[in-house]
Structure formats: C-alpha cells, structure tokens
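Engineer: To start, I am sharing the structure in question, which I have written as structure tokens.
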Protein chains: 2
Amino acid sequence: MPDPTVPPFPGNIAFNAQHSPMGAFFSFTCGHFGTPGGLGSQIGRPANQDLYIGVKEGDRKSGAPLKCLPFYENPIYDTAPPKTKQAGRGFVSGGSAAPTQEGALLAYRADQLERHYGWATDRWVTPDFEFAIYTPFGSIVDPEQYHPSMSRVCLLPAVLASLTIDNTGGSSTKTGVFAINFNEPGARLLPEQHGWRGKKRVGFALRRHLGVQGMLESERPGEEQPQVFAIMRNTPQEALRDVNPAHGLGQCPGIAFEVAAGKRQTLIVSIGVYHDGIVTTGLEGRYLYARYFSDLNDVLDAALRGWDAFHNGSIDLDNELLNSGLSADQQFLIAHATRSYYGSTQLLEVAGQPFWVVNEGEYCMMNTLDLSVDQCFWELKHNPWVVRNLLDNYLRYYSYYDQVKRPGQGAKKKGFSMPGSPAPSSDFELMPGGISFCHDMGAHNNFAPTGHSSYELPHHKGWFSYMTQEQLCNWILLAASYVAKSNDQQWARRNEFIFQACLTSMVRRSGSSADNSSGAMKFDSSRCQSGEEITTYDSLDASLGPARGNLYLAVKCWAAYLGLAMLFDVLGPAEAGGVAESARKAANNIAACIAGKVGEQGFIPATLIGEAGAARRILPAIEALAYPMYWRNVRQNERSPLEDTPSLQLLAALKRHTQTLLADAESRNRFSDGGLKLSSTSDNSWVSKIALFQHVARGLFNMQEDARIGDVFRQADAAHVKWQTQGESAYWAMSDQMVNGVAKESKYYPRAITTALWMK
Amino acid sequence: MPDPTVPPFPGNIAFNAQHSPMGAFFSFTCGHFGTPGGLGSQIGRPANQDLYIGVKEGDRKSGAPLKCLPFYENPIYDTAPPKTKQAGRGFVSGGSAAPTQEGALLAYRADQLERHYGWATDRWVTPDFEFAIYTPFGSIVDPEQYHPSMSRVCLLPAVLASLTIDNTGGSSTKTGVFAINFNEPGARLLPEQHGWRGKKRVGFALRRHLGVQGMLESERPGEEQPQVFAIMRNTPQEALRDVNPAHGLGQCPGIAFEVAAGKRQTLIVSIGVYHDGIVTTGLEGRYLYARYFSDLNDVLDAALRGWDAFHNGSIDLDNELLNSGLSADQQFLIAHATRSYYGSTQLLEVAGQPFWVVNEGEYCMMNTLDLSVDQCFWELKHNPWVVRNLLDNYLRYYSYYDQVKRPGQGAKKKGFSMPGSPAPSSDFELMPGGISFCHDMGAHNNFAPTGHSSYELPHHKGWFSYMTQEQLCNWILLAASYVAKSNDQQWARRNEFIFQACLTSMVRRSGSSADNSSGAMKFDSSRCQSGEEITTYDSLDASLGPARGNLYLAVKCWAAYLGLAMLFDVLGPAEAGGVAESARKAANNIAACIAGKVGEQGFIPATLIGEAGAARRILPAIEALAYPMYWRNVRQNERSPLEDTPSLQLLAALKRHTQTLLADAESRNRFSDGGLKLSSTSDNSWVSKIALFQHVARGLFNMQEDARIGDVFRQADAAHVKWQTQGESAYWAMSDQMVNGVAKESKYYPRAITTALWMK
C-alpha cells in the first residue's frame, strides 16, 4: 500500500500524466477523463487506447455494472449520490446507485474520486478500489562504466501499476479488471505462465512491442490458485460474462480477478515496451535497453519481479519531494514535469555506443539544443555522462562552420564563399565565421543529415530561421556546466581546440576581431542567406524572437564567455595562454554594456540596439545567470566570476530590472490570473522558462524575501498549476507554451524539468 | 508508353485498386476519389495518405493551379468545361479553366479523366498528363530450388508508376509532382543520389519502412541535368513556390520535375516497403524478401532498374487478359481480383524456412483454410510449392485431433474424454473423432497458439463456431489438388499416414465406422462443446451456414473422398491397400444420397436432413465439383472419377438443380440488378463463390450454351462489376460479401482470385 502522506490533489484531477520509464521514449498516459490514452511508444502525444480499470460487485458473471475510472471515450458517468469523504481520505457510501442496465459500464465522477499525485506515484482512490502507478527514477548509469546488471535496473522499459480491492468488509465476491482497447488491430494474449515463486502470470500485448502482464500480490506458493485470468473480447463486460472470456479476434484484452468476501487482493501489472531492431534512420540506432533485455516478456517479468523496489523507490521519491520545503503548487509542477521529461527520453545505441536523446515533446525533434541546455541541471545531477554524450554527438555529427554577414558596408566585396553562403550583396559582405551547432539532430526518429537540423531554414526572419549564435552559447554552457560538475579534465583536454574554436566563433559573431571590443552578437550567420537569426524564443514577439541586439541572448553570450574562461582556467595557463582573459574581457564588455542600459523606469529594454524594444519588458533577461550560479554551486572551492566587479554591476542592473518588472503597478509581466508573462508584450509565456527565471530570481536575488514579490510568486505558482490541469491543456500532460494560460504549442513537453531547480 | 489496347473503363472510374508486389503484404492503393490511400503495409484496408499526383502550367514557382488526380481528402474539383474526348482516347481542350486563386490545388473531375484498367497496368489519362501503375506478377519461385537472384526478381517488395507529361506541343514549361502527405509523423527525404547509368535519384520515405524513389526516364548520361528534385513542405504547392522546397519538419514529401516546352518527360517512381526484423508473434517470422534485399534503398533502386521488365511484363499480362476471349466485365473482375489477392499475400521466413501466408482481407486472419482451398487453383498454376508449404504448415502447427458428439442416444455414456471436450450429456455421447485443421493460423501477424485458430470458439451455433468437417475436407482437397498438379510422389508418400488419418476422420464424422454406410457429415466436433459446427458460409442463413446436413458441404465431402481415393491411387495398391476403394464407396454413398434428393420442382433442398431447407435454393451445391474438374484437367492421361456411374448420376442431378435455379421464372437466385444470389433466402452473396459457381456451371455443365442462361450470366457479370465499383464498395478495392450488391463484410479481400478460373 502506498505511503499515505501524499495529500489528495485539490484542483481538477482530470488531467493526463505521462508515466514513463527512463530512456524508452514510452509513456503510459492516463488521467484525463473521457479521452483515450494508454501505451504510447515513440509518439509525441497520448496514445489512442481506451482503458478500463474498474470493479464490479459479484463474481465474473455478475450483471452488476462494471465501474471504471473514466479513462476512455464517451464514458457514461455513474449517477449514484456522492459518497461522503472522510477527512482527508476515504469514502463513506452515500447511498446506492440508481438501477442500471444489466452488464452496464459506468464511470466514476470526479467527486467520487481522489487523486494523490506524488513525485513517483499517481494514486486514484475510489469508494471501491485503489489504482496506483509507480514510476521511480534516478541515475542512469554510464553503460561503459557499470556492470550490465545495473543497466538492466536503470533502463527497464516498463512501469508498474497496482489495483487493490479491499473486500475485507464485504459480504460477496468482487471482480476487478484492467483492460485496454488498443483501437488498432493486433491485440493478443500472452501465454498463461507461472513466474517467480510460482505466481500465475497472465497478460496481453499489441503485436510485438507493447504489453501488459499481471499477477496477484498476495499469492503465496502452495496457496489455492487465486482467480486471476486473461480476457479478450470486444468489451470487458462481454468478456467477463460470456462463456468464452477470450477470443482470438477480440479487440479488448485485459486481466481480471475475483476477490472473495473477507479478502483483500492487489493485482500488480507491468506495462512495458520492447523494440528489438533499428528504430532510427540517418544514424541507425536501436534502444540501448535491447542489449540488456531479450524481449517483451523479459521486460514485463523483470518489472513484476521488481515490485518491491518499484514500490518502495517510488514512496521514497514521494517523500523526498514532500519534505523539500516547497509549496504544494511547486511540488505539483516538479512532479508533473519529471514525468513528461522522462516520457521524452530515448537512450539509443548507435554503432555499439550509447546515444542519448531527449525528444522535444509533441514535435519529437531530437536533442533540441536549446532545450538540452535548460535540462542539463537535472541530467548533471543524475547522470552527467549523458551531457558529455550529447556534447560529443553534437560535435561529431551536428556542428558546422559558417561565415557571418557584416551588414551595410555598401560594397559587394567578394570574399571566399562557402557552399550554401549567399552571394555578397550591397546589404552585407561575408566575413569569416566559425563553429556552431545545429538546432536539433532530426525529428521523429529520423536523424537529419549531418551538420543540419530538421528545424532551420534559410531566408527566414522568424520561425524556422537559424539559431547559430544561441546554439553556440548553448554548447559552451553545456560544456562548462559538465566540466564544472564532473571535473572531467580528460574530456576538457581532449576538447581544448574546440573551446578555442568556440571563442573565435563568439568573437567573430560579435563583429570584432580585437578582443577588447568583442561583446554580444552583431552578425547573422551566412546560413541565414537573406534571413536573420532568431533565438529559442521563436514564437514570442520582437521582444525575444530576433537574435541580434537581444537582451536575453546578450546575457547568454556573457555567460558563455564566462564559461569559456572557466574552461580555460580548468585547462590551466599552459594550454589556455591568454585566452581565458580574452573571454573574460568579452564578458565584461557585455556586462558593462547591459549595466548601462537601465532606463529611467528601472528596467533594461528588450533590445539593446534601436528603439524597437524600448517599452518591452522581459523576465528572461536574467535567465542565463542560472549557469554561473550553477558553477558557483558545484565548484564550491573555486572563486566564482559572479564576484568580479563587472559581474556585480551586471547583477545589480538585472536585479533592479527584475524588481521593476515584478513589482510593476501595472502588472505588465503578469496575466490576470497571476501567471507570469515572460514578455510584457506577448500573451505567449513558457512554463519551463518561467521556472528558470524564478530559480534565478529566488536563488540569486532572494526576491521572495520582498513580501510583495513573494506573493507574486505564490500567485504565479498557483496559476501555473491551473494552466497545466484545467481546460484543454489537461489532455497534454506537461506543456510549455501557454497562450493566456492555455497550452497551444510545445505540448507534452520535457523542458519543464527546470522546475526541479527549485529543490535544494 | 503503355500499349494502348486496354480500353477505357466504361463505368464509374472512381474506385480503389490495390497495387501490390507478391508476398509483401503491401499495397499502394488509389483510385477512389476524395479519400486517402497510398502505401499500406500490413493492414487490411487502404492507408490514410493524401496523394498529390498532378501538373501545373509554368515552372516550379508558377502561380498556376496544380491540377491533381482526386486521390486526397476534400478535393476542390476543377470547374473548367470538359475537354472533348477523341474517339477512344485523348482529349481536346474545351476551353480554359475559370480563374483560380494563386497557387490553388484543383482536382480533375471524372469527366476529365479516362482510366485504362488492365491486368497489370492501371493508367489514368488526363488532358495534361498520364499516370500509370505497373504491377506485373507471375510465379514466385521456390526459394529452396532456385538461385537467390530469382527470388530477388519475384519478391521485390515494390511497384512502379510513371507520370508522363507531353509538352511537345506546349509553349511554356510545365511542372509535374508526385507527393504524399502520410498524415502521420516520420516523413523524411532520401539522400539525393546518382544511380544506375548516372541517373539522378530523389525520393522520400516514412521512417524506415515505406518509401518512394524517382528518376526521369529520358535522362541520358552526359545530358544536361534534368530538373527532378525533392520537395517536403506542408503542401506540394507551398514546396514548389517557396524559396525552400524542403524542410526537415515538412509533412508532405514528394518528387517534382519541370518539362520544358517542346519536351516530353516521364517520371518513374518506385513505391516500396521494407521490414527487416521479426514481424510476427507466436511463430516468429521475418519477410523472406529481407533475405534478398538489404534495405529500403536497395528495394527502391532494384525496382527503378527493373523499369523495362516491369513495363513490358505488365503489357504482356494486359494483352494476355485482353486476348482471353472473356468479356470486358469478366476481364475487369479478374484484373481487380488479382490485385487484391496479391495485396493480401505475405511470404515469411520462419526459422530459415519459407512460410506462405495469405491474409484474409480486412480481417487479416492468416491462411484462412476455407479461403486457401479456393485460391489454390491460382497458386497451383503459378507456384505449386506454396500450396505444399501451406499443407505442411497446417499439419505441423494447426492440425488437431478431436472427438465427435453422437447426438441423442439418451445415455450419458462416459467414454475417454479429451481436454476441452464437453462432459457427455443426455443429448450426446462422445465418440472417437480424428484429425482436422484449424480455421486459420492467427490474425494481424499474431500466430495463434498451435492447434488453435483465432476465429473458432466453443458454445457457438453460428459465427465463430468450429468448421472441423469443412476444414478437414479443405486440407484433403488442397492435398489432392497439389498432388494432381505437381505429381509430387515424394510428398504424397511422406504423408500417406496423414491421408489415412484423414479418411478415418471423415468416416467417423459421417457417423459410421463401417465403410459401406459412411457418407456426409453427421456428428459435430467435441471442440464445439455445446455448440454446432458451421461452414465457411458463416454469415449466410440456415441454407448454407450450419454444417450438419448441409448440401454444399455434402458435395464437398464427396469431393474430399474422391480426392483421398485419388491420393491412394497415386500411392499405389501396395501402400493404400483397399482404402482407395473405401473412400470411393463413401463418395458413392453421398452421390447416391444427393442424386435421390431432386424434388418435384427440380432442385435439391439446401439441407439434406429435416424439412428446414426444403424451400432454400443454393447455387454452391455445385461448388465442390471444381476440384474433381481440376484434377481431370491437370491429369489428362488419367481416368477421372467424374466418369464413374455414381458421379454421373450426381452430376446429372446437380446440373438439373442448377438449371432450375438459373432458369427460375421467379428469379429467386438473382438480385434485381441481375447479380447472382448464392442462396435464394439470403441477400448476402459472395463474389468469389459466385465465380467458382460460374466456373463449374460453364466449365462442367456448359450452361452458357443455353441462351437464356447465357444472358443470365452476362447480366450477372455486369452487375458484379458494378458491385465492386459503385457506391461505398468502391473504396474497398475487391470485396467479397455483398449485401444487396454493397460490400458489407469481407472487404479488401483476396479470394475473388477464383475469377481467374474463367481463363482457359
């Protein structure tokens, strides 16, 4: 039985959650009412399966209604009067249900349910049974460093669930069911087998790759055979009541069991996936788990055998979050984000080497680099090697070398021109560029051609343009954060020349070849052709979208220079020579520039050049402070560059900026519900980025100590919980891009794992 | 250019056709207007892809409308006045199109199109281009007997299509497109490559398994690069007109080419599939083609290189059918049936051995044995080894041994009881049974547990009951037909004991252990438990559905006994002893019984016992004559059992029966449109079975020589063409179960290949 300390969720409980193992790009999704969900493999959205999880009075043949959680299309809700909830938990019957049709299927209403949503358990309490899903997580061990048995534990591509019927006070048998209509052909029953310690196993699958296996927890060797059995007809009620519970052509397989009066039984089901062949194109990869598990049966069996560890590990995680000192709203956002993060993770094996991928939610772009840099804090905490893996793979396959476009010299100077570069025009001339990195590695399991992303296009000025400057910063920040955390000197030394190339590329993009004048980005990449670079904030307005002159990106460039300086410091003066100092100077140039931009109204305009951004107020101005903050945190014996005078000036300016925005009497950076608005001029706000912002504002500036701002944050957290759980957003599990609080893009998204930065 | 002799189809051209290679369980389906289709792999229905096959005036950037075949959802039809058709073929413009929106997508109307539907070409002629799909077929060589290079030819899992734009009389460039919106994530472009003889190849794929590759036919080495290029945006028009024709996140990939004024260009596209891993469960199998092709690229390339053979082979097949002497309606039915047959074929490799599967249309049941027996004529003509393969696999994996239920002796005699047998009751006692065969081997790539089908259930009296007697007959008839055709003495000798077991099983089911009294089926299998056996005609009424006393099945039993006698004769007297004679006696008993049942009205009642079938008139009474007919045909030097006196009496009775039904003044076996009604009392009639019936009625009884009956047949053929091509049936390619002429079940079905029996 799960530990009872996770309180019932007080808001709308009818929201989807992803329940996912680590690295399997798989999710058992349920929770939203009246829509299908279920076992989704390699898709950026809930699957299309109707789930029937319920119980009926009487034995299997009973004509009583089967009462299920409402996780299927067009449920007919129970009309029984609500049962009385006891303080905090549990129900007392409020009367009996209205007479229903023989063999009916009824769904519980929300007021008949409680949902306890912990970090790793998601537990539904009905008046008649409890259903809980367990998704423990932790470190994924480096398969090149650890024994395969450890990878078997970390990469098991399954989750566990339990269905408990307590009939100890009952006077007649009850029958429980866990069934799924896959809504596509190919369902089959697994052979009925006896597993570990002789327990009877029944289960079902969809073709070769998706499956469910169940056993009764309380069965003991030598006991009389408990009544667990497989079903497969077109509905669970038909299967239970017909003389033939299973038919080879049945569409809705399931597992059922009878609980005699006076007994209490828990059905444990493992829900898993197994793909054994090559699953990607371009770079051909398989799932790394397929090296450690032989087939779907092996996966489902291993999960059932791991019940104690699954269960106890999940409770431990629940308690860790409960004891974090964070508010219930903050805890919810972390728990919800963690699930959707793991649902997007995909650990492949390419040519015998591990290859880490995080898919970009509904878009399924692979390892989108501007997500990776935000997710690295979580990954560095649990498994720093995946960040190294990502850095290496970007370097090997998805780095490129460009030229830059110096605008408006009036002359069509013909320099050396690279393939794909635009012809020099009267608007610009081509100058040497440098190394940068692609936006992503492909999409939907199709690796893009090396050196190219699936996202970026030339000739664009908004959406789909290149993010050359930003992705260069992102790779540097990832490298710096990885080395700061791991102190992996060997890796740093091997990449010394890359760090040098990155510095050169940064400087050239800043429009200067002389160190003293280098600073934030000035030149667009030649890859843009007639277009212009953008930032990760592609769908926000002019306050955050364009790259040149962008305040947010300028601070990121500052952080990237500091990161390079740190990397050169780690290498030591013999290798780095004076370059660490060059990088620091560039950072200081940017710091000085930004610090001087605080206007009369106490904030820094969104754009550093021109007047276009003068009135635009952006919270992400401080986002990139998260990286030096992180380095200071993990390198406690080292002096932090944040303590240098130019940094202190920058920090003071940014703190004032942030105070101005948060305490704004006109609330220009807040929605009417209290949710935070990244840009005062856009209704599109991103949850993961808000979390990063809050982390810096609280962790570096201690802004919550100002009571007004503390209230702003509390109201914001509450609003952000509602954004995820109410209305159409509730179908999409964790989503990122909220337009006026409704998930419109970036749904089913991994990046909100940045919320976990709030934990100490 | 295809041979022009296939005339335009005179009826409704807007029907789907399956275009399939042999043994790949793959179909490129198109032809129905306004619905998706495209590349379907391992599904019993059209895929869900929008196809854009068309042309526009001007170069790629032109704003002229792109005019396409209407093979996508919600087409907007062209409003231009119809162009004049020249006699037989070709169009003369009837005026220009009404002004349309810049960059619009328009679909041709049916009156702007001609469709030439041959045996292996399906050619669409528009005023602006021609599009043709080539699906040559022939023998699949036995991979254990032939060099792998032959299997590469036979098993190539792709079809070819051509798109020809004749701009020789034009004054400006035209642009052609072949594009597909897969309507699911995972589209990608194939690398642009130079293939055989230096021709430029472009193409696209859906993930790893489905793909299209194209080249221009007229390109010659050394010529200036022709303008063929890949596109991938959200629509083909967007792709052509945008500065970036391709985007990694585009949803609608395609191939486009420009044809200069004065030129004529043909784009050839290969459309293929490749699954490289295990695709089935239970028995784990891969596609046999995967042994001969290395990947999707290899498949697509091999198809393009085979253009001449594809094209010429298809024309040869077209001509063979055109020269068959059959009517246009008959030719259509054969061409349509051949396509849907191959779309359901699936040649696997299980444990290194070939494993032949024909999927049952929309149901995807594997090797449904009551289909196999009807399809064997086609298979024995082209590749007898697949019939042997099927016989062996049924024997190894899907045969069983039962008991039979002797009804109504009043006593609950307790005999030896097998697992799964019902307890003896006052209604029946259990008697020894014998060998029989399952209804199928599983469904949707899931092999059923050995010894069990996916279809059959106990305790049923209709749908889903066991077909023990019928499937026993079917295996015998397959074995007899295989040996008759191949004269494979070795196989026959190896299975002598099985033939013996089959005879024993036949006799025991007839309710007799004494040879002299054995005849048609009397006892149901114990597997039925409380149920009763049925026949393949599961969804027809009492005239054909139940097995006991069934006239159709009695004739099949008669044929099966004759088949066993022939098999024993082939083995020779030393092996067979007197069993050939026993089998013949049983056949004669049945013949005599049936011959005596012709009633006053000149027909034999549908049921031989009781009065229930007295007024029911069934055409399939003569169906099973097809087998002895076939043996006589392929064993020309042997005496046919059809010439024995008892057979002659049976034939005379059945001929009279058939004449009565066909010449019935009340037309009780005809629909109002002239289509044939298998049972006078059911509106459900099956096209494949009608074809078998017509084959016997014409081939054995020469009934078409009676002018009235000749007319009946001609009207029937015309009606049956309309059944397939009009109304909702037109979406489902070839369908079998027509209720009042509309495809209601057994859609997208292989069995109508029985129509090919009409060819000499």
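Engineer: Which whole-number percent is the relative contact order of chain B (Cα, under 8 Å, 6+ apart)?
Structural biologist: Once divided by the residue count of chain B, the mean separation gives 11 percent.
Engineer: Would you tell me which residue of chain B has the beta carbon closest to the rotation axis bringing chain B onto chain A, and how many whole Å away it is?
Structural biologist: Nearest to the symmetry axis by Cβ: B:Gly277, 2.
Engineer: Still on this structure, I have one more. When the Kirkwood hydrodynamic radius is evaluated over all pairs of different C-alpha atoms of the range A:104-198, what value in angstrom, to one decimal, is obtained?
Structural biologist: Over the range A:104-198, the inverse of the mean reciprocal pair distance is 17.4 Å.
Engineer: Going from the alpha-carbon gyration tensor of the range B:280-342, what semi-axes, largest first and in whole Å, does one get by taking the root of 5 times each eigenvalue?
Structural biologist: Taking √(5λ) for each eigenvalue gives 31, 19, 7 Å, largest first.
Engineer: So, one more: If you add up the charges near B:Gln101, with Lys and Arg at +1 and Asp and Glu at -1, over every other residue whose beta carbon is less than 14 angstrom from its beta carbon, what do you get?
Structural biologist: 0
Engineer: Right, here's the next one. Can you quote the Å³ per residue value for the convex hull of the Cα atoms in the range B:433-579, rounded to an integer?
Structural biologist: Measuring per residue, one finds 118 Å³ for the Cα hull of the range B:433-579.
Engineer: Here is a follow-up. Give the Cα extents of the range A:527-673 along the principal axes, in whole Å, largest first.
Structural biologist: Sorted largest first, the three principal extents are 53, 40, 27 Å.
Engineer: In the range A:610-699, which trypsin sites (Lys or Arg not before Pro) fall in coil by DSSP and have 14 or fewer other Cβ atoms within 10 Å?
Structural biologist: Taking the range A:610-699 and a limit of 14 other Cβ atoms within 10 Å, the loop trypsin sites (Lys or Arg not before Pro) found are A:Arg639.
Engineer: Am I reading the A/B interface right? What is its buried accessible area, both sides, 1.4 Å probe, to the nearest 100 Å²?
Structural biologist: Adding both sides of the contact gives about 2500 Å².
Engineer: A further question on this structure: Could you work out the Rg to Rh ratio of chain A, with Rh taken as the Kirkwood radius (inverse of the mean 1/r over all Cα pairs)?
Structural biologist: 1.01
Engineer: Still on this model: What does the copy distance list look like for A:Glu217, label position 7 Å along Cα→Cβ, in nm and ordered from shortest?
Structural biologist: 6.9
Engineer: Give me the 1.4 Å probe accessible area per residue for chain B, excluding ligands and nucleic acids, in Å².
Structural biologist: 33
Engineer: For the range B:591-677, what is the convex hull volume of the alpha-carbon atoms per residue, in Å³?
Structural biologist: About 101 Å³ per residue, rounded to a whole number.
Engineer: Still on this structure, please answer the following. Remind me, relative contact order of the range B:677-749 in percent, using alpha carbon pairs under 8 angstrom and six or more residues apart?
Structural biologist: So the answer I get is 29 percent.
Engineer: Compute the projected area of the convex hull of the Cα atoms of the range B:536-577, averaged over all viewing directions, and report it in nm² to one decimal place.
Structural biologist: 3.5
Engineer: Translational D (Stokes-Einstein, µm²/s) of the range B:648-728 at 25 °C and 0.890 mPa s when Rh comes from the Kirkwood sum over C-alpha pairs?
Structural biologist: Estimated via Stokes-Einstein, D reaches 189 µm²/s.
Engineer: Divide, for the range B:301-441, the radius of gyration over alpha carbons by 2.2 N^0.38 Å, where N is the residue count.
Structural biologist: Against the compact-globule rule of thumb, the ratio is 1.56.
Engineer: Moving on. Determine the order of A:Cys593, A:Cys154 by accessible area, beginning with the largest, at a probe radius of 1.4 Å.
Structural biologist: A:Cys593, A:Cys154
Engineer: For the protein assembly as shown, state what percent of all Cα-Cα pairs lands in each successive 10 Å bin, counting from 0 Å until the bin that includes the largest distance.
Structural biologist: Distribution as computed: 1, 7, 14, 17, 17, 16, 12, 8, 4, 2, 1, 0 percent.
Engineer: Now for a separate question. Mind putting together the pair-distance distribution for the range A:415-476? All Cα pairs, 10 Å bins, whole percent per bin, short to long.
Structural biologist: With a bin width of 10 Å, the distribution comes to 19, 45, 31, 5, 0.
Engineer: Which entries in the list A:Lys585/A:Lys689; B:Lys485/B:Lys556; A:Lys381/A:Lys744; A:Lys461/A:Lys744 go over 24 Å, if you measure between the two C-alpha atoms of each?
Structural biologist: Violating the 24 Å Cα-Cα cut-off are A:Lys585/A:Lys689; A:Lys381/A:Lys744.
Engineer: Tell me which GluC sites (Glu not before Pro) from the range A:622-700 have a DSSP coil assignment and no more than 16 other beta carbons within 10 Å of their own.
Structural biologist: When the GluC sites (Glu not before Pro) of the range A:622-700 are filtered for loop state and at most 16 Cβ neighbours within 10 Å, A:Glu638, A:Glu666 remain.
Engineer: On to the next question. Evaluated at 37 °C with a viscosity of 0.692 mPa s, what Stokes-Einstein diffusion coefficient in µm²/s does the range A:617-760 have when Rh comes from the Kirkwood expression over alpha-carbon pairs?
Structural biologist: Approximately 209 µm²/s, per Stokes-Einstein.
Engineer: With a 1.4 Å probe on protein heavy atoms only, tell me which residues of the range B:164-208 lose at least 40 Å² of accessible surface in the complex relative to the chain by itself.
Structural biologist: Those are B:Arg188, B:Arg207, B:Arg208, which lose 40 Å² or more relative to the chain on its own.
Engineer: At 1.4 Å probe size, with the rest of the protein present, what percent of the exposed accessible area of the range A:563-632 is carbon and sulfur atoms?
Structural biologist: Summing carbon and sulfur atoms, their accessible area is 53 percent of the total for the range A:563-632.
Engineer: How about the range B:223-282: which chymotrypsin sites (Phe, Trp or Tyr not before Pro) there are in a DSSP loop, with at most 14 other Cβ atoms within 10 Å of their Cβ?
Structural biologist: Here no loop site has a sparse enough neighbourhood.
Engineer: Work through the residues other than B:Ala612 whose Cβ is under 15 Å from its Cβ and net out their charges, Lys, Arg +1 and Asp, Glu -1.
Structural biologist: After counting each charged neighbour, the total is +2.
Engineer: How big is the range B:228-303 on each of its three principal axes, counting only the C-alpha atoms and giving the largest first in Å?
Structural biologist: Principal-axis extents of the range B:228-303 (Cα, largest first): 55, 31, 15 Å.
Engineer: To the nearest whole percent, what portion of all C-alpha pairs in the range A:114-270 is separated by more than 23 angstrom?
Structural biologist: 46
Engineer: With Cβ to Cβ distances under 15 Å as the rule, what net charge do the other residues near A:Arg656 carry (K, R +1; D, E -1)?
Structural biologist: 0
Engineer: Could you give the angle, 0 to 90 degrees to the nearest 10, between helix B:645-662's Cα long axis and the longest principal axis of the Cα atoms of chain B?
Structural biologist: It works out to around 50 degrees.
Engineer: Rounded to the nearest percent, how much of the accessible area of the range B:313-427 (1.4 Å probe, protein heavy atoms only) is carbon and sulfur?
Structural biologist: With neighbouring chains kept in place, the figure for the range B:313-427 is 50 percent.
Engineer: For the range B:264-291, list whatever residues lose no less than 40 Å² of accessible surface once every protein chain is in place, relative to that chain by itself, with the probe at 1.4 Å.
Structural biologist: SASA drop of 40 Å² or more in the range B:264-291: B:Ile278, B:Thr281.
Engineer: Which distances, in nm and shortest first, link the B:Gly610 label point to the same label point in every other copy, taking 7 Å along Cα→Cβ?
Structural biologist: List, nearest first: 8.8 nm.
Engineer: Taking the square root of 5 times each eigenvalue of the Cα gyration tensor, what semi-axes in Å does the equivalent ellipsoid of the range A:440-511 have, largest first?
Structural biologist: Equivalent-ellipsoid dimensions as semi-axes: 26, 17, 10 Å.
Engineer: Another question, if that's okay. Could you work out the pair-distance distribution P(r) of the range B:562-614 from its alpha-carbon pairs, with 10 angstrom bin width and percents rounded to whole numbers?
Structural biologist: Spelled out bin by bin, the range B:562-614 gives 24, 33, 22, 17, 4 percent.
Engineer: Sticking with this one: Based on the alpha carbons, how large is the Rg to Rh ratio for the range B:228-364 when Rh follows Kirkwood?
Structural biologist: 1.06
Engineer: Along Cα-to-Cβ, 7 Å out, sits the label point; list in nm, shortest first, how far the one on B:Cys593 is from those in the other copies.
Structural biologist: From this label point to the equivalent ones elsewhere in the assembly: 9.9 nm.
Engineer: Follow-up. Put one equal scatterer on each alpha carbon of the range B:146-215, apply the Debye formula with no solvent term, and list log10 I(q)/I(0) at q = 0.14, 0.17, 0.19 1/Å to two decimals.
Structural biologist: Treating every Cα as an identical point scatterer, log10 I(q)/I(0) equals -0.67, -0.89, -1.02.
The values are calculated or read from the model by the stated rules, or taken from the named source; none is laboratory data. These numbers come from a predicted model, not from an experiment. So basically every Cβ, Gly included, is an ideal-geometry build from the backbone, and we count neighbours across all protein chains shown. In case anyone asks, the SASA skips ligands and DNA or RNA and just uses the protein heavy atoms, side chains included. Shrake-Rupley method; radii C 1.70, N 1.55, O 1.52, S 1.80 Å.
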